[in-house]
Amino acid sequence: MGKIRTTVIGSLQRPDWLLAAQKDPEFPPDLLRELSNIAIRRVIRDQVDIGLDEISNGELTRRGYVHYVQKRLKGFSDKEFVSLPVPTELPVEMPPIEPSLFRFPKLVSKPEYIGEEDALKEYNFSKEVLKEVEKERGAPLDVTIKVPAASPGGISVLLSG
């Protein structure tokens, strides 16, 4: 039997200090990028250290799914929104759900992917970090870099509104 390749799917946990910076609309973008890069360096090293074959930046630059989709896809309004019903019956007891979590930007024109430049920057930074790790270890790594993208399933939720 051949080797089973290992990977991570989805977002990795962001440090509290990065979350706080991402939530602050007044936080300087250049400083936010620096903080993101510090956290990304750490998650890439963690993934290499545990032996994953396919790594990502942990989606640490995402402030949230809706923000990410708006940044990577043209066609969504920043002024008009649609709301999905807030679930009332849940399989476990939970605190009340904030209705704003189910409020999404309205699609106002044909969606078009505009995230190539950001995706390339994310890929190149991840590649740079891997080169640093290879240099430190004195050996090449057999690792594939995956760059996060807006998922078709998630986009369909937004389009259905």
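The values are calculated or read from the model by the stated rules, or taken from the named source; none is laboratory data. All values derive from a computational prediction rather than experimental measurement. Don't worry about glycine lacking a Cβ; one is built from the backbone with ideal geometry, like all the others, and counts go over all protein chains shown.
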Review point. Which of (1) at pLDDT 90 or above; (2) of a type in the set (A, V, I, L, M, F, W, C); (3) not in a strand (DSSP E or B) does Val108 not meet, given it meets every other one?
Key: (3)
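Restricting to the range 16-62, give me the number of residues that are of a type in the set (A, V, I, L, M, F, W, C), free of Cβ contacts under 8 Å to residues at least 60 places away in the same chain, part of a helix (DSSP H, G or I) and surrounded by 17 or more Cβ atoms within 10 Å (Cβ to Cβ). Walk me through how you get there before you give the answer.
Going through the range 16-62, the residues of a type in the set (A, V, I, L, M, F, W, C) turn out to be 17-21, 27, 31-32, 35, 38-40, 43-44, 48, 50, 52, 55, 60.
Checking the rest, the ones that are also free of Cβ contacts under 8 Å to residues at least 60 places away in the same chain come to 17-21, 27, 31-32, 35, 38-39, 43, 50, 60.
The next check asks that each one be part of a helix (DSSP H, G or I); those that pass are 17-21, 31-32, 35, 38-39, 43.
If we keep only those that are surrounded by 17 or more Cβ atoms within 10 Å (Cβ to Cβ) as well, we get 18, 21, 35, 39, 43.
Of the residues in that region, 5 qualify.
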Review point. From the set of residues in the range 116-161 that are closer than 14 Å to Asn57 by Cβ and assigned to a loop (DSSP other than H, G, I, E, B), which is modelled with the highest pLDDT?
Key: Val143
